[in-house]
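Structure record follows, encoded as structure tokens.
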Amino acid sequence: MKSEKQKKGNNQTVILIAGSVILLLIVFAFLLMMKNKMDMASTPNVVSTGQPTTGQVTQRGNLMKVSDTIWTLVYDRPGMSAASLTVGMSDSTFCKKSGKPILCKQLQNGHRVDITGILENGTITAKEIDLLDEIRIEPSPEKSPQVQEPTPAPVDAPAPVNNSAPVNTSAPQK
């Protein structure tokens, strides 16, 4: 049988090994948390780096005509399916395509544009509109044309004429 000293020595060895393992796990967990903190800090915060709410901006999007005088710019924004701004145009708004001036009244629904202007309260007052793409969105028709089934001939209709026989087209003789 083992003496009391040997049992006590074995118990101390087990406690020492268990303590060392626990200490190693604590150090490993601490280092892992520090690494994750550094990775999180270096990741840019998309929410805080958005479009400014006021001031001079350039925004790319598609034009949508709301009424005869009101236009909306529909554009992509991180975290949103679609965002929109009301577009304010004036006589001083300069419209161009490929660097050449065009009439602003040539703009139509669905045109892809870059608008440079002043942004205030959800409205961009356009100084310059650059037409990028002329793909247009046509309004959908009120009714789609319906295919009509042919109507059957009435039962009491005369028999069809046989056009395969020669026809005398000369004038009758007197």
Filter result for the condition that a residue is part of a strand (DSSP E or B) and polar (S, T, N, Q), over 92, 67, 81: 81
Residues of segment 95-120 that turn out to be of a type in the set (S, T, N, Q) and in contact (Cβ under 8 Å) with a residue 40 or more places away in the chain, as a count: 3
Within segment 66-100, considering residues that are charged (D, E, K, R) and modelled with pLDDT of 90 or more, the one nearest to residue 116 (Cα to Cα): 96
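The values are calculated or read from the model by the stated rules, or taken from the named source; none is laboratory data. This is a predicted model, so every value here is computed, not measured. Ideal geometry is used to build each Cβ from the backbone, glycine not excepted, and the neighbour counts take in all protein chains shown.
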